[in-house]
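> If you scroll down you'll find the structure; I have some questions about it.
The values are calculated or read from the model by the stated rules, or taken from the named source; none is laboratory data. Note that the coordinates shown come from a computational prediction; the quantities given were computed from them, not determined experimentally. Ideal geometry is used to build each Cβ from the backbone, glycine not excepted, and the neighbour counts take in all protein chains shown.
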Amino acid sequence: MRNLVIALALLAFSSSALMAHEGHDHDAPTTIKAPKGGVVKSLDASRVEVVAKGKSIKIYLYDRDMKPATAGEFSVVAQAELPRSKKVEEIKLEPNDAFFEGAYDAKGVHRYKLKLEVTHSKTGETDKLTFNVEPRK
Amino acid sequence: MLNQIIRFALNHRLLVLAITALSVVFGGATVTSLPIDVFPDITKPTVTIMTESHGMAPEEVETRVTLPVESFLNGIPGVERVRSQSGVGLSVIYVEFDWGTEIYRNRQLVQEKINLARERLPKDISPVMGPVGSLMGQIQQIAVYSKDNVIDPMEVRNIAEWVLRPRLMTIPGVAQVISIGGGLKQYQIRVSASKLNLHQLTMEQVDEELAQISQNTTGGFLEKDGQEYLVRNIGIVENLDDIKGTFVGLHFGKPVLIGDIAEVTEAPRLKRGDGSFNGKPAVVMTIQKQPGADTVTITKAIAKAINEIRPSLPAGIVVNPDVFKQSDFIEASIDGIVGKLKLGTVLVFVVLLVFLANLRMSIITITAIPVSFLVTALVFRLFGLSVNTMTLGGLAIAIGELVDDSIVDVENVYRRLRENTKSLRPRSVLKVIYDASSEVRNSIVLATVIIALVFLPLFSLDGLEGRLFAPLGVAYLSALAASLLVSLTLTPVLCSFFLRGKVNAHGDTKFVLWLKNLDKKILEWALPRSRLVIGVALSLFAASMSLTGFMGRDFLPKFNEGTAMIAIIAPPGISLAESNKIGAAAESIMLAIPEIRSVSRKTGRAELDEHAAGVHVSEIDVDFHEKGRPREAVLNDLRTKLKEKFPTVGVNVGQPISHLIDHMLSGVNAALAIKIFGRDLNVLREKAIELEAAIADTNGIVDLRVEEQSLVPQVKIHVMRDEAARYGLSAGQVTKLLEVAFNGEVVAQILEDNRSYEVFFQFDESSRASIENMQKTVLKIMPTGQKVTVEMVADVYEVFGPNEINRENGQRRIVISGNLSGRDLGGVVKEIQDKVRTKVEFPEGYYVVYGGQFESQQAATNKIVLFGLISILGIALILMNNYQSKAITAQIMVTIPFAFIGGVLLLFFTDRSITVASLVGFITLCGVASRNAIMMISHYLHLMRYENESFTRDMIIRGSQERLVPVLMTASVTSLALIPLIFSKGQPGSEVLHPVAVVIVGGLLSSTILDIIVTPTIFYRYGRQSAEKYVKLQSIEQEI
């Protein structure tokens, strides 16, 4: 019992130390117009738009009012997870002025999960988001 | 030949009277039977192809249905534009043909191509053509609802569908009745996935059994006792119990029935649309008429039919046929114009009495108006024209000119008869009338030919403007031709009856004498000061032309339809229930505005509708009280309140017919359509948002919005072929089973009292409630007893996809649309073009096109100006041919710019906008203005040739004085006849005619004043040589 309490306490600590939580996967039916024509998902203090075409991935960041934020205000870590096999690969992102850019070759798979960890540089707060990307579309 | 006509008429006076009487009676009868409409038929020949595509996503609809069909359609002769909309499970293609093509031929060509395209489409997908439509086709809306909501919405729809609709469809002229709202009754089999599992049954088995749930077959014939009996095998279902008792499989040897695995109920069919009236749920029925059918007659027949049915309806059912009636607009418009025609005729008669001071002469002259009108009615019948605001407008413009020819004839006949009575050896009255009529016939015919010539550009216009103004031209020219015939036949005959033996030595009235003295004084001052007079005239012309720079440019004036249509566009992806809530809230806001009488709403798409609106779109028809604030103020108030309440919802405020006209011009229900073309949907969306932001602050643009082509959430079940194969399933089998389970299918029909209802089969709500439940759906049970679920053979995930994909002429496009308020179209578009050029960059392969009314306005203006110049050249050639003198021709032609001075000035102070309608006014003005100058200069030449006058100042003054009364009368009757239209700005039916009248009246005022002063001055200064040469040439020709 003691071990269990300790384990739970450690787990709780490690989670809070990461200060990360899952982003909102659903917004109200597209009340937000995607400025770059991609898919927008909302976080508590910001919004993220992903534009994926073929191998190319572009990640745009905005504040809650959809005013563009500079890439320097955030750090973004991206991973691709393939369905069925659940194989995960890191995606290297290059910060640009207004967006992060990366590339991922899904090797013919119909879709993959793009997992993002977005950290706000000033607050250090981290959010996690998941987008389903269909590279063949 | 003209002399022979006059001679024949005078020799057969009773015959002329009899033919006139017959024409009047026949014309009168024809008038009452002509179809009545607001406008001429302005429908562009368009064929709509609709393809239901079994719940496919828009991308699939585009690639598998729209594109194959489109590829066959391009290349059909006469096709001008192919537009398409690929939505969820529906492809709609609009094939727009040239205006001149015949709709039934077009349909035949399209049908041939559809037959070819069918082979390239997925199995069981069949494109069908929509009915022959008409822009003015939606003539009425009827709301059917339950008072105090005591009757079930499904029953309300039942009454609309099975009691009202069949009766309304029998009314001659009704093409279609489309209902939305309530609920279409269905027998539904809602299969529980868990019960299916419990009984060890698969979807495949259930689907196989249900395919045969309701079947009658034949057993051939049985011979018995020398008789032949037809053997019938009865297996159809007739009620809920029959369905429940249907066998679907065995479970441990025990039969499993539908009732064991499913809930069977009577329930409304899945709704993709809903309706309401004044904020309460209702079935809204839209009546469409057949092309060419008479709207007013159909509306009366509908009212009669509803009154007949009403007593048989259940208590508590309300049928309101007055939700929207196009006939109200038609009657208001036609009554308005007819009233103006009557007032115009009275004013013309007053002018005749004032100038002629003779009741008999006035009556003979005014006869030309009704006779010409009734003969024109016969021409309408011959050309298949309807009585509408444009044909009546043609008559209104012509009304003053109809009496002109008769005035000239009657006045000359009277003068010659008076001279004859004074003569020592009087000739016979008939001979005098013949000579007098022959004397003036040349100038009458020449003037009429010139007026006809200036109208020719109207017949060369195509597009909407051509459809609108050509009937006006036909009416105008028919009336004018009839009046010419009347002046050559009936007028001399009436003169012979009414002016015989009673001609007094009647001189000018005091008023006319005063006018002539004034004219003399003015000319005595002006003739020696020709440079000053011409200089002032040129300055006035230059000043008036400079005003055009301060005037706006619009396509057509705004119509006042009496009702408004508000489109509420919620974000795509919203459910029907949520969209309904927004629509209902919008209705509440509207009903709180005191000027609004009633509102009816259609959200989404009705079952038979060819308008492919998604559930996120609500169209609200608004009817107004007559009193209250101006309409523009009410609409702006409404717009503001709606935007405050729903900041993220698109609002488009318009009028029903104007909306349809806009849609016909650009495929968009707004006055301005900025279209971005390109390949990638993401880029199109991105650029559309950039463009919207760039032009959002443009003054005068309202209802600005980007077409709702956005991403909506989807759940994809992607079959993994290799995994499915492991369980003996192909991808096709899996998707078919899933379609039946989640989308459902109609497996039979149940007949009840001649009403047929669908038997529908689908998984119940709980089996489809979540992705997890969907994943657990059993597709198959293996011989080992293993259950094969969806997640074992497919990847189920959420993703976003486009809600619809729109294409035009083979390319994807997105539209940014807007309406205008308080500013002209030309100015707004110019500002927008500048902003787009500087602020928005387009990648390679992407470009922008400005459409809507702007496109039509530019094309129409260019055509009118070009053909107008050609007609002016034609006038010059005719004048050259008649006078054989460039100088005389030039002097007549110079009056045209003078006429423009008044036209531009009055337009500046009234409408301050140049439209296609005002350009038509300028065209008309060219003819009328040159007519006055012809009359004036011809008379100078007549005096020199026949009355031994030489080219002196006195001759000019005498000639001007003698022509003063006809010139003033012509101008007065034409202007006064149009005065009622000048004061009817924005009134229903007068919208297009008002600017035409403004330009003609303004132009006539300036051209008449300047004709009286400037034409004699110019002729006096520059005309001597040419006049003397003309008279000499004429004398030589006569001698030869």
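> Which of the helices (runs of 4 or more DSSP H) contained wholly in the range B:460-574 include at least 1 residues that are within 32 Å of the chain's Cα centre (by Cα) and away from chain A (no Cβ under 14 Å)?
On the way: elements: B:463-488, B:490-498, B:510-526, B:530-547.
Correct list: B:463-488, B:530-547.
> Looking only at the range B:249-274, how many residues end up being part of a strand (DSSP E or B) and within 29 Å of B:E607 (Cβ to Cβ)?
Taking the range B:249-274 as the starting set, the residues that turn out to be part of a strand (DSSP E or B) are B:249-251, B:254-257, B:262-268, B:273-274.
Then drop every residue that is not within 29 Å of B:E607 (Cβ to Cβ), which leaves B:262-268, B:273-274.
Of the residues in the range B:249-274, 9 are part of a strand (DSSP E or B) and within 29 Å of B:E607 (Cβ to Cβ).
> Check whether at least one residue in the range B:187-195 is of a type outside the set (A, V, I, L, M) and touching a Ser or Thr at 6+ places or on another chain (Cβ under 6 Å), and report yes or no. Break it down stepwise before answering.
From the range B:187-195, those of a type outside the set (A, V, I, L, M) are B:187-188, B:190, B:192, B:194-195; that's our starting set.
If we keep only those that are touching a Ser or Thr at 6+ places or on another chain (Cβ under 6 Å) too, we end up with B:188.
Yes.
> A further question follows. So if I check each of B:V47, B:V65, B:V79, B:V88, which one is at pLDDT below 90 and hydrophobic (A, V, I, L, M, F, W, C)? Steps first, please.
On the way: B:V47 fails: at pLDDT below 90; B:V65 fails: at pLDDT below 90; B:V79 fails: at pLDDT below 90.
From the options B:V47, B:V65, B:V79, B:V88, the qualifying one is B:V88.
> Output the residues belonging to the range B:550-575 that are at negative phi and in contact with a strand residue (DSSP E or B) (Cβ under 6 Å, 6 or more places away or on another chain).
Taking the range B:550-575 and keeping what is at negative phi, we get B:550-561, B:563-572, B:574-575.
Those that are at negative phi and in contact with a strand residue (DSSP E or B) (Cβ under 6 Å, 6 or more places away or on another chain): B:M551, B:G552, B:R553, B:D554, B:T563, B:A564, B:M565, B:I566, B:A567, B:I568, B:I569, B:P572.
> Take B:A688 and tell me if it is more than 8 Å from chain A (Cβ to nearest Cβ), under 29 Å from B:P843 (Cα atoms) and buried (at least 19 other Cβ atoms within 10 Å of the Cβ).
Against the criterion (more than 8 Å from chain A (Cβ to nearest Cβ), under 29 Å from B:P843 (Cα atoms) and buried (at least 19 other Cβ atoms within 10 Å of the Cβ)), B:A688 qualifies.
> If you go through the range B:24-56 one residue at a time, how many are buried (at least 20 other Cβ atoms within 10 Å of the Cβ), over 30 Å from the mean Cα position of the chain (by Cα) and among the small types (G, A, S)?
Matching residues across the range B:24-56 total 1.
> Out of everything in the range B:575-616 that is within 14 Å of chain A (Cβ to nearest Cβ) and of a type in the set (D, E, K, R), what residue ends up being farthest from B:Q987 (Cα to Cα)?
Here the residue is B:E578.
> Within the range B:806-839, count every residue that is hydroxyl-bearing (S, T, Y) and touching a residue at least 12 places away in the same chain (Cβ under 8 Å). If you could, list the steps in order and put the result at the bottom.
So in the range B:806-839, the residues hydroxyl-bearing (S, T, Y) come out as B:817, B:821, B:838.
Cutting the leftovers down to touching a residue at least 12 places away in the same chain (Cβ under 8 Å) gives us B:817, B:821.
The number of residues fulfilling the criteria is 2.
> Can you work out which of the residues in the range B:772-806 that are crowded, with 16+ Cβ neighbours inside 10 Å and of a type in the set (G, A, S) is farthest from the other protein chains (Cβ to nearest Cβ)?
The residue in question is B:A794.
> Please verify whether B:F842 is assigned to a loop (DSSP other than H, G, I, E, B), touching a helix residue (DSSP H, G or I) at 6+ places or on another chain (Cβ under 8 Å) and either touching a residue at least 40 places away in the same chain (Cβ under 8 Å) or among the aromatic types (F, W, Y) (or both), treating the condition exactly as stated.
On the way: assigned to a loop (DSSP other than H, G, I, E, B): yes; touching a helix residue (DSSP H, G or I) at 6+ places or on another chain (Cβ under 8 Å): yes; either touching a residue at least 40 places away in the same chain (Cβ under 8 Å) or among the aromatic types (F, W, Y) (or both): yes.
When the stated conditions are applied, B:F842 passes them.
> Starting from residues that are surrounded by fewer than 16 Cβ atoms within 10 Å (Cβ to Cβ) and touching a residue at least 40 places away in the same chain (Cβ under 8 Å), keep the ones in the range B:757-771 and report whichever is nearest to the other protein chains (Cβ to nearest Cβ).
Taking the range B:757-771 first, the residues surrounded by fewer than 16 Cβ atoms within 10 Å (Cβ to Cβ) are B:765-766, B:769-771.
Checking which are touching a residue at least 40 places away in the same chain (Cβ under 8 Å) leaves us with B:765-766, B:771.
On the way: B:E765: 20, B:S766: 21, B:I771: 12 Å.
Ranking the qualifying residues of the range B:757-771, first place goes to B:I771.
> Can you pull out the residues in the range B:32-91 that are hydroxyl-bearing (S, T, Y) and farther than 29 Å from B:I330 by Cβ? I'd like the intermediate steps shown before the answer.
Going residue by residue through the range B:32-91, those that are hydroxyl-bearing (S, T, Y) are B:32-33, B:43, B:46, B:48, B:51, B:53, B:63, B:66, B:71, B:84, B:86, B:91.
Listed by number, the residues that qualify are B:T51, B:S53, B:T63, B:T66, B:S71, B:S84, B:S86, B:S91.
> Right, B:E419: among the acidic types (D, E), buried (at least 21 other Cβ atoms within 10 Å of the Cβ) and either over 29 Å from B:T889 (Cβ atoms) or out of contact with any Lys or Arg (no Cβ under 6 Å at 6 or more places or on another chain) (or both) or not?
Details: among the acidic types (D, E): yes; buried (at least 21 other Cβ atoms within 10 Å of the Cβ): no; either over 29 Å from B:T889 (Cβ atoms) or out of contact with any Lys or Arg (no Cβ under 6 Å at 6 or more places or on another chain) (or both): yes.
Answer is no for this residue.
> May I pose another question? If you go through the range A:47-56 one residue at a time, do you hit one that is surrounded by 12 or more Cβ atoms within 10 Å (Cβ to Cβ), at pLDDT below 90 and away from chain B (no Cβ under 14 Å)?
Checked against the condition, which is being surrounded by 12 or more Cβ atoms within 10 Å (Cβ to Cβ), at pLDDT below 90 and away from chain B (no Cβ under 14 Å), the range A:47-56 yields at least one hit.
> When you scan the range B:960-972, do you find a residue that is in contact with a helix residue (DSSP H, G or I) (Cβ under 6 Å, 6 or more places away or on another chain), modelled with pLDDT of 90 or more, buried (at least 24 other Cβ atoms within 10 Å of the Cβ) and assigned to a helix (DSSP H, G or I), even just one?
Looking for residues that are in contact with a helix residue (DSSP H, G or I) (Cβ under 6 Å, 6 or more places away or on another chain), modelled with pLDDT of 90 or more, buried (at least 24 other Cβ atoms within 10 Å of the Cβ) and assigned to a helix (DSSP H, G or I), one finds at least one in the range B:960-972, hence yes.
> Could you list all residues from the range B:592-607 that are surrounded by fewer than 21 Cβ atoms within 10 Å (Cβ to Cβ) and touching a Lys or Arg at 6+ places or on another chain (Cβ under 9 Å)?
Result: B:A592, B:I593, B:P594, B:E595, B:E607.
> Just checking, how many residues over the range B:671-715 are under 17 Å from B:N803 (Cα atoms), part of a helix (DSSP H, G or I) and not hydrophobic (A, V, I, L, M, F, W, C)? Give the steps one after another, and end with the answer.
Narrowing the range B:671-715 to residues under 17 Å from B:N803 (Cα atoms): B:679-686, B:688-689, B:705-715.
Restricting the remaining residues to those that are part of a helix (DSSP H, G or I) gives B:681-686, B:688-689.
Retained after the next criterion (residues that are not hydrophobic (A, V, I, L, M, F, W, C)): B:682, B:685-686.
Matching residues across the range B:671-715 total 3.
> Quick one: in the range A:65-84, which of the residues that are within 14 Å of another protein chain (Cβ to nearest Cβ) and farther than 29 Å from B:A794 by Cα is surrounded by the fewest Cβ atoms within 10 Å (Cβ to Cβ)?
Filtering the range A:65-84 for residues that are within 14 Å of another protein chain (Cβ to nearest Cβ) and farther than 29 Å from B:A794 by Cα, the one surrounded by the fewest Cβ atoms within 10 Å (Cβ to Cβ) comes out as A:D65.
> Are any residues in the range A:85-98 in contact with a helix residue (DSSP H, G or I) (Cβ under 9 Å, 6 or more places away or on another chain) and within 14 Å of chain B (Cβ to nearest Cβ), and if so, which ones?
A:A98
> From the list B:E632, B:E587, exactly one residue is of a type in the set (D, E, K, R), part of a helix (DSSP H, G or I) and crowded, with 18+ Cβ neighbours inside 10 Å. Which is it?
Details: B:E632 fails: crowded, with 18+ Cβ neighbours inside 10 Å.
Within the list B:E632, B:E587, the selection yields B:E587.
> Could you tell me whether the range B:692-700 includes any residue that is buried (at least 17 other Cβ atoms within 10 Å of the Cβ), in contact (Cβ under 8 Å) with a residue 24 or more places away in the chain, within 24 Å of B:L642 (Cα to Cα) and touching an Asp or Glu at 6+ places or on another chain (Cβ under 7 Å)?
yes
> When the range A:61-95 is examined, which residues are found to be modelled with pLDDT of 90 or more and of a type in the set (G, A, S)?
Within the range A:61-95, A:A78, A:A80 qualify.
> Considering only residues that are surrounded by 15 or more Cβ atoms within 10 Å (Cβ to Cβ), within 14 Å of chain B (Cβ to nearest Cβ) and among the small types (G, A, S), which ones fall in the range A:99-137?
Of everything in the range A:99-137, just one residue is surrounded by 15 or more Cβ atoms within 10 Å (Cβ to Cβ), within 14 Å of chain B (Cβ to nearest Cβ) and among the small types (G, A, S), namely A:A106.
> May I pose another question? Considering only the range B:637-670, state which residues are farther than 20 Å from B:F329 by Cα, in a helix (DSSP H, G or I), within 24 Å of the chain's Cα centre (by Cα) and of a type in the set (S, T, N, Q).
B:S666
> For the range B:702-723, give me the residue count where each residue is away from every other protein chain (no Cβ under 11 Å) and at pLDDT below 85.
Of the residues in that region, 3 qualify.
> Please specify each residue of the range B:659-685 satisfying the condition of being surrounded by fewer than 24 Cβ atoms within 10 Å (Cβ to Cβ) and in contact with a helix residue (DSSP H, G or I) (Cβ under 6 Å, 6 or more places away or on another chain).
B:L665, B:N669, B:G678
> Tell me which of these B:G822 doesn't satisfy, since it passes every other one: (1) within 14 Å of chain A (Cβ to nearest Cβ); (2) part of a loop (DSSP other than H, G, I, E, B).
So B:G822 meets the others, but not (1).
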